[in-house]
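First up is the structure itself, then whatever we jot down about it.
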């Protein structure tokens, strides 16, 4: 049972890392789009 819980926790942690990376990319892209809009 402990092994199953550990594997589940690791899976959630890894998926959360990917989600956070995706949000970081989205925020970066939005910032660049705003910066480009202000430059025009």
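A few points about this structure:
- Boolean, residue 20 is over 21 Å from the mean Cα position of the chain (by Cα) and assigned to a helix (DSSP H, G or I): no
- Checked across the stretch 30-37, the condition of being assigned to a helix (DSSP H, G or I), under 16 Å from the mean Cα position of the chain (by Cα) and modelled with pLDDT under 85 holds for no residue.
The values are calculated or read from the model by the stated rules, or taken from the named source; none is laboratory data. Quick caveat: nothing in here was measured; it's all calculated off a predicted structure.
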